[in-house]
Amino acid sequence: MRHRNVRTRNKALLGGIMLLAAAGMAGCGSSGGGKSGQVIVYNWGEYIDPETIEMFEEETGIEVVYDEFETNEIMYPKVESGASSYDVVCPSDYMISKMIANDMLAEINFDNIPNAKKNIGAQYYEQSKGFDPENKYAVPYCWGTVGILYNKTMVEEPITSWAQLWDEKYADNILMQDSVRDAFMVAEKLNGFSMNTTDPQELETAKNSLIEQKPLVQAYVIDQVRDKMIGNEAAIGVIYSGEAIYTQRENPDLEYVIPEEGTNVWIDSWVILKDAPNKENAEKFIDFMCRGDIAVKNFEYITYSTPNDAARELIEDEEIRNSEIAFPDLSKYNNLETFVYLGEDGDALYNELWKEVKSN
């Protein structure tokens, strides 16, 4: 499933604040030394500016016990088992809908998180309704699109369509995401289907498209798409918009486009677990992260788009503040969707078809 890591940073930055969750679970309601208790946070790797955690601890006296995960699929069973008593988690859209379906999340009391009410743009809550229909459980943290990154010196014409990933003249110069839902999204949009389809005939068509494309693909990658494109090792790659911003800084010959057939608009959000041991502190943590000055620090650190309108106003770089990659006008595009949880049967079907693609 979807996996997203931002560019590599020195892990020592997090060393002073990051603890293995198991190390701090005992006595998690409060701690000594004038502390106001704890909040236990589970987030993507390298997905927050460490200084913002230090600032939160200094301002509130609340100790942050911080743990990281690499994929939604690693996160989910750990949270579901209850072996680690997390308060705040940052899942992706489709995983949030799964957690809602399995009654794992507490409803958000927005009266206790005023910065989420006033700073997060209305369009992002509207987009979130795809996985949180009544906006009861999730506060948007980062968002973006999936598109095509191409090297203007290595292609013969502007890239505008997913279909160009099937063009034989780019054989061995195409990078695809090594992710079942992301790969199938490309093939589904190519064929005019919803990226959340569970129709067997549509999925068979998408599978066959991916098998047809496979001889042209240089590699199925995750983080490597960024480095390969920067290094001129491929002409075209499927990439997350936040990664595209970084790659363009490193290689000005790279261009990012949302294909005309539509794409995935993804959202990662803060949620509070239903059995969170420190719910009040969880609310304070989320409210702090929704402050404009804090949200802009996180945006500048991780480069994924912020849904925080107050933070966007604080971005000093006008080019980034008005970037069509970081902040596209979604009304200009057709067939934009957010991933939703397809149920166990749906997941199993996609995984089986992906195995057929990879083994063919």
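Couple of notes before you dig in:
- Shape category assigned to the stretch 138-203 from the gyration tensor of Cα positions, a/c cut at 1.5: oblate
- Remark: the chain carries 40 Å² of accessible area per residue (probe radius 1.4 Å; ligands, DNA and RNA excluded).
- Taking one quarter of the surface of the convex hull spanned by the alpha-carbon atoms of the stretch 192-256 gives a direction-averaged projected area of 5.3 nm².
- Added length on full extension, which subtracts the Cα-Cα distance from 0.36 nm per residue, Glu212 to Glu54: 51.8 nm
- Under the criterion of Cα pairs below 8 Å and six or more residues apart, the relative contact order for the chain equals 26 percent.
- Rounded to the nearest whole Hz, the Karplus-based 3J(HN,Hα) values (6.51 cos²θ - 1.76 cosθ + 1.60, θ = phi - 60°) of the stretch 36-42 follow the sequence 9, x, 10, 9, 10, 10, 10, with x at glycine and proline.
- The slack in the chain from Asn335 to Glu260, taken as 0.36 nm per residue of separation less the alpha-carbon distance, amounts to 26.1 nm.
- At R0 = 56 Å, FRET efficiency that the Cβ-Cβ distance of Asp293 and Glu204 yields, to 0.05: 0.65
- Take the Cβ atoms of Ala83 and Glu344, set R0 to 30 Å, and the FRET efficiency comes out at 0.90.
- The charge dipole of the stretch 206-329, taken about its Cα centre with unit charges on the Cβ of Lys, Arg, Asp and Glu (plus for the first two, minus for the last two), comes to roughly 560 debye.
- The calculated FRET efficiency for the pair Ile74 and Asn191, based on their C-beta separation and a Förster distance of 41 Å, comes to about 0.85.
- The stretch 273-331: trypsin sites (Lys or Arg not before Pro) falling in loop per DSSP and having at most 15 other Cβ within 10 Å: Lys274
- Among Thr205, Thr263, Thr303, the largest mean-square fluctuation in a Gaussian network model of the chain (Cα springs under 10 Å) belongs to Thr205.
- Each residue of the stretch 277-286 is assigned a 3J(HN,Hα), and the resulting list reads x, 10, 4, 4, 5, 4, 4, 5, 5, 5 Hz, derived from the Karplus form 6.51 cos²θ - 1.76 cosθ + 1.60 (θ = phi - 60°), x at Gly and Pro.
- Counting only Cα atoms, the chain measures 65, 46, 36 Å along its principal axes, largest extent leading.
- Placing a pseudo-label 7 Å from each Cα along the Cα-to-Cβ vector at Asn322 and Asp309 gives an inter-label distance of 2.0 nm.
- Taking amide H atoms as placed 1.01 Å from N in the peptide plane, the amide H of Glu261 lies under 5 Å from those of Trp162, each 5 or more residues away in sequence or on another chain.
- Here the accessible area is traced with a 1.4 Å probe on the protein chains. For the chain, carbon and sulfur cover 45 percent of it.
- Convex hull volume of the stretch 228-360 per residue (C-alpha atoms, cubic angstrom): 181 Å³
- DSSP-assigned coil residues among GluC sites (Glu not before Pro) in the stretch 111-215, each with at most 16 further Cβ atoms within 10 Å: Glu134, Glu156
- Unsatisfied cross-links (Cα-Cα over 29 Å) in the set Lys129/Lys284; Lys207/Lys274; Lys279/Lys355; Lys136/Lys228; Lys152/Lys355; Lys118/Lys189: Lys207/Lys274; Lys279/Lys355; Lys136/Lys228; Lys152/Lys355; Lys118/Lys189
- Taking the DSSP beta bridges with both ends in the chain, the antiparallel portion is around 55 percent.
- Over the stretch 161-269 - Rg/Rh using Cα atoms and the Kirkwood inverse-distance radius: 0.96
- Using a simple spin-label model with pseudo-atoms 7 Å out from Cα toward Cβ, Lys152 and Glu356 lie 4.2 nm apart.
- The phi torsions of the stretch 342-355, fed into the Karplus equation with coefficients 6.51, -1.76 and 1.60 and a -60° offset, translate into couplings of 9, x, 4, 5, x, 4, 4, 5, 4, 5, 5, 5, 5, 4 Hz, rounded to whole numbers, with Gly and Pro shown as x.
- Gain in span if fully extended, Lys169 to Asn102, counting 0.36 nm per residue against the direct Cα distance: 19.4 nm
- Taking the alpha carbon gyration tensor of the stretch 83-126, multiplying each eigenvalue by 5 and rooting it gives semi-axes of 22, 14, 9 Å, largest first.
The values are calculated or read from the model by the stated rules, or taken from the named source; none is laboratory data. Bear in mind the structure is a predicted one, so any value in this text is a computation, not a measurement. Positions of Cβ are generated from backbone atoms using ideal geometry, with glycine treated the same way; all protein chains shown enter the neighbour counts. Heads up: the accessible areas ignore ligands, DNA and RNA and are worked out on the full protein's heavy atoms, side chains in. Shrake-Rupley method; radii C 1.70, N 1.55, O 1.52, S 1.80 Å.
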